[in-house]
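This report concerns only the one structure given below.
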Amino acid sequence: MHEIIGALFDLDGVLVDTAKYHYLAWKRLAHELGFDFSESDNERLKGVSRMRSLEILLEVGNRTMNLVEMEAAAAKKNEWYVEYLHTLDDAALLPGTKAYLEYLREQKLSIALGSASKNAPLILEKLNISGFFDAVIDGNSVSKAKPDPEVFLKGAAALSLAPKQCMVFEDSLAGIEAAKAGGMTAIAVGTPELLPGADRYIRSLEDMLP
Ligand code: BG6
Ligand code: MG
């Protein structure tokens, strides 16, 4: 039995309430393209890369685009998303985020970020939580999107830990699959209905506090 001495955190929807801004920006793009995009469609976008998200969105709207159009649409969505990010402050931290990161630090666990987002550095800086992380692996440093385990394997390696020594906190199905494929303990922020296959379910990091 390996002791868990490392924590790998997804960002959007686990540490910070940005999942709603991703949704608003994608919905705005869908409306501009002339179709609706529901919250349940949006579940499929959680945890996956920006371009893969756009592919899924186009599938939902039954649209096609060439690569140049796709790049322009993804850039537009990101501009809207980044506009929302500039309004972020501490209030966007999800319940228990700071207290649990502080607790893990006291307990001497190693901490890494494992996010698909290319905006992760901006978000960490805006919320002033960069200092908690021994390593940051994000959309700028991975080539294979979740459910591929690359992001978490790189996180464990950056902490010099074996996957079995790490627990992963995730709010997306792709992320839970990535954690399990990587051989880590998967803790889902959400329900077994939305996120089957995790080792444990919590509502927020507040549930992890002693
Ligand atoms: C993940 C989100 O954290 O990051 C996805 O759950 C998002 O919804 C992905 O598509 C990529 O984010 P960004 O900020 O690089 O567009
Ligand atoms: Mg997430």
Task: Of all residues in the stretch 114-133 being touching a residue at least 60 places away in the same chain (Cβ under 8 Å), touching a Leu at 6+ places or on another chain (Cβ under 6 Å) and not in a loop (DSSP other than H, G, I, E, B), the one that is farthest from Met208 (Cα to Cα) - done: Ala120
Task: Residue among Ala188, Ala156 that alone is more than 16 Å from ligand 2 (Cβ to nearest atom) and buried (at least 19 other Cβ atoms within 10 Å of the Cβ) - done: Ala156
TODO: Only residues in the stretch 44-57 that are more than 15 Å from Met70 (Cβ to Cβ) count as the first member; pair them with residues that are charged (D, E, K, R) and more than 6 Å from ligand 1 (Cβ to nearest atom), Cβ under 8 angstrom, at least 6 apart or cross-chain, and list the lot.
DONE: Lys46/Asp171; Gly47/Asp10; Gly47/Lys146; Gly47/Glu170; Gly47/Asp171
Task: Filter result (in contact with a helix residue (DSSP H, G or I) (Cβ under 7 Å, 6 or more places away or on another chain) and not aliphatic (A, V, I, L, M)) within the stretch 119-132 - done: Asn119, Lys126, Ser130, Phe132
Task: Residue match in the stretch 25-41 (condition: within 13 Å of ligand 1 (Cβ to nearest atom), touching a residue at least 60 places away in the same chain (Cβ under 8 Å) and within 22 Å of the chain's Cα centre (by Cα)) - done: no
Open item on the list: Taking the condition of being surrounded by fewer than 16 Cβ atoms within 10 Å (Cβ to Cβ) and either on the phi > 0 side of the Ramachandran plot or among the charged types (D, E, K, R) (or both), how many residues in the stretch 28-42 meet it?
Closed with: 5
- [ ] Report the residue count in the stretch 4-45 for those that are in a loop (DSSP other than H, G, I, E, B), closer than 15 Å to Val60 by Cα and either touching a Ser or Thr at 6+ places or on another chain (Cβ under 8 Å) or away from ligand 2 (no atom under 13 Å from the Cβ) (or both).
- [x] 6
Task: Condition met for Lys108 (more than 16 Å from ligand 2 (Cβ to nearest atom), assigned to a loop (DSSP other than H, G, I, E, B) and at pLDDT 95 or above) - done: yes
Task: First in the stretch 156-181 and under 20 Å from Ile202 (Cα atoms), second anywhere and of a type in the set (Lys, Arg) and away from ligand 2 (no atom under 16 Å from the Cβ), Cβ under 9 Å, 6 or more apart - done: Met167/Arg200
Open item on the list: Show the residue pairs meeting these rules: Cβ distance below 8 Å; 6+ apart or different chains; first residue within the stretch 6-17 and within 11 Å of Ser204 (Cα to Cα) and within 10 Å of ligand 1 (Cβ to nearest atom); second residue part of a strand (DSSP E or B) and acidic (Asp, Glu).
Closed with: Val14/Glu170
Open item on the list: Of everything in the stretch 166-190, what is within 15 Å of Gly6 (Cα to Cα) and outside any helix (DSSP H, G or I)? Give them in sequence order.
Closed with: Cys166, Met167, Val168, Phe169, Glu170, Gly182, Gly183, Met184, Thr185, Ala186, Ile187
Task: Considering residues of the stretch 46-63 that are in a helix (DSSP H, G or I) and within 13 Å of ligand 1 (Cβ to nearest atom) only, the residue surrounded by the fewest Cβ atoms within 10 Å (Cβ to Cβ) - done: Met51
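The values are calculated or read from the model by the stated rules, or taken from the named source; none is laboratory data. Values in this document were obtained by computation on a predicted structure and should not be read as measured data. Note that we place each Cβ from the backbone using ideal geometry, even for glycine, and neighbour counts take in every protein chain shown.
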